Amino acid sequence: MAYPGPGGYTWRMTSSVSVHLHGRRVILGITAGIAAYKAAALARGLVRAGAEVQVVMTPSAREFIGAMSLQAITGRPVREAIFDAQHEAAMGHIELARWAELILVAPASADFLARLHAGLADTLLHTLCLASEAPLAVAPAMNRLMWANPATRANIAGLLGRGVLVWGPAEGEQACGEQGPGRMLEPDELLRRVAGALAGGRFAGRRVLLTAGPTREPVDAVRFVGNRSSGRMGFALADALRREGAEVCLVSGPVGLETPPGVERIDVETALEMHAAVMQRLDALDLFIACAAVADYRPVGPVSHKIKKNADVLRLELVKNPDIVAEVAARSRRPFCVGFAAETDGLESYAEDKRRAKGLDMIAANRVGPGLGFEAEDNALLVLWEGGRTRLPRQPKARLAEQLISLIAERMDAQTTTEDS
Ligand code: C5P
């Protein structure tokens, strides 16, 4: 879909996701970094989507981008000084803090994040961050070693713990010529996240990664070992999460399903490819849902030609695949982890054993068999977590997905509250 922007023209993002921010009030904070030049494109995207944008720069950001361009794009003078008689008379800094529905700092430098973490208020932007009740999002941009530095890691962990939304950074080539994590997310991506955060919903501003579908483990050039997973449950969950404002990435094995609108989809075939795709996307992740029916074993050394049927008995040697969800759950800084267990019998005890063995926060167990589970349109779930359980009765997978994510949101909130106290 496309939406009318101010002046009657239409704004369609290059990523094919359209956003509608008509009349939403956003403070765009810009700090000192090479990526500041991208803030102009971001401001333009926000304005075109219909948002009212007030740019606030830190004093040293001026070294990287001119205030005049940003003023022309947003139609508002750029704010910078804390004590500025002219602007304070029009809209004082406290009024401005109240005016904002969202504060997005992009790029957010290491220095800005450190000061934010320390609660300093020595620039207008820091003051606004402290004085506003609006959601605060930061898009870090810095050299990969600065990002990896324990000081930055501690600042980010502290900010995440206080509910600050940390968007990015992306990995890739850096302005300094190095490769690694530290690139600011692209303006289109940030725009999409602004829309998600402003849309409200229980998962607004949360990043979710899901696996779905089966994996195919090649035997030779034309054959594979696979399973009956349709991917429907994972796709329904991705859709429900997106509707609740989450930013959703879906790593999918081969399935014949349409990608839910607004969901980023990564297609993979094998368990090893799924493992690699997941491991690359764990940074600043809030929730990981492993819905895929990952093949537990893969043929050893699949051959590149078609095996001929000369032998009466053919032995297939299999080697164990990595357990993706267990590996994610074992990391020190990890998202809330939800797994699935498909069982033919002993549902509760097998599922609870699996939850503990894999270190999961929650497991959704379902019975598989004729007309149930894998290829069926509907399903029933027994959901288990530490100290609790609930049954979600048999119903279409889309409705089941809504109930399950509601339960996940409750448990995630409960966990955050416990950690804070
Ligand atoms: O051990 P089992 O396959 O029954 O566990 C199922 C759960 O573990 C599912 O959430 C599935 O997505 C996940 N899993 C995984 N990687 C594997 C095997 C299972 O993430 N190699």
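The values are calculated or read from the model by the stated rules, or taken from the named source; none is laboratory data. The structure displayed is predicted, hence computed values, not measured ones. Note that we place each Cβ from the backbone using ideal geometry, even for glycine, and neighbour counts take in every protein chain shown. Each accessible area value is taken on the protein alone, full model and side chains, heavy atoms only, with ligands, DNA and RNA left out. Shrake-Rupley method; radii C 1.70, N 1.55, O 1.52, S 1.80 Å.
Observations
- Yes/no for A376 being open to solvent by less than 60 Å² (accessible area, probe 1.4 Å) and either over 18 Å from I289 (Cβ atoms) or within 12 Å of the ligand (Cβ to nearest atom) (or both): yes
- Just one of the listed residues (L316, L272) is open to solvent by 60 Å² or more (accessible area, probe 1.4 Å) and within 12 Å of the ligand (Cβ to nearest atom), namely L272.
- Breaking point among (1) open to solvent by less than 60 Å² (accessible area, probe 1.4 Å); (2) at pLDDT below 90, for Q179: (1)
- Flag if V325 is touching an Asp or Glu at 6+ places or on another chain (Cβ under 8 Å), within 10 Å of the ligand (Cβ to nearest atom) and under 22 Å from G253 (Cα atoms): no
- Inside the range 281-313, residues that are away from the ligand (no atom under 15 Å from the Cβ) and open to solvent by 40 Å² or more (accessible area, probe 1.4 Å) make up a count of 16.
- Residue match in the range 328-338 (condition: in a helix (DSSP H, G or I), in the same structural domain as A221 (by TED's automatic domain parsing), closer than 30 Å to A284 by Cα and near the ligand (Cβ under 10 Å from one of its atoms)): yes
- Answer from E189, E273, E269 - the residue that is of a type in the set (D, E, K, R) and either in contact with a Ser or Thr (Cβ under 6 Å, 6 or more places away or on another chain) or closer than 30 Å to E52 by Cβ (or both): E189
- Test: residue in the range 289-307 that is touching a residue at least 60 places away in the same chain (Cβ under 8 Å), of a type outside the set (A, V, I, L, M) and closer than 30 Å to V164 by Cα: yes
- Odd one out for G226, checked against (1) touching a helix residue (DSSP H, G or I) at 6+ places or on another chain (Cβ under 7 Å); (2) under 25 Å from V319 (Cβ atoms): (1)
- For the range 330-347, the set of residues classified as without any contact (Cβ under 8 Å) to a residue 40 or more places away in the chain, in contact with a strand residue (DSSP E or B) (Cβ under 8 Å, 6 or more places away or on another chain) and open to solvent by less than 70 Å² (accessible area, probe 1.4 Å) consists of A341, E343, L347, listed by residue number.
- Subset of the range 58-86 [in a loop (DSSP other than H, G, I, E, B) and under 30 Å from the mean Cα position of the chain (by Cα)]: T58, F64, I65
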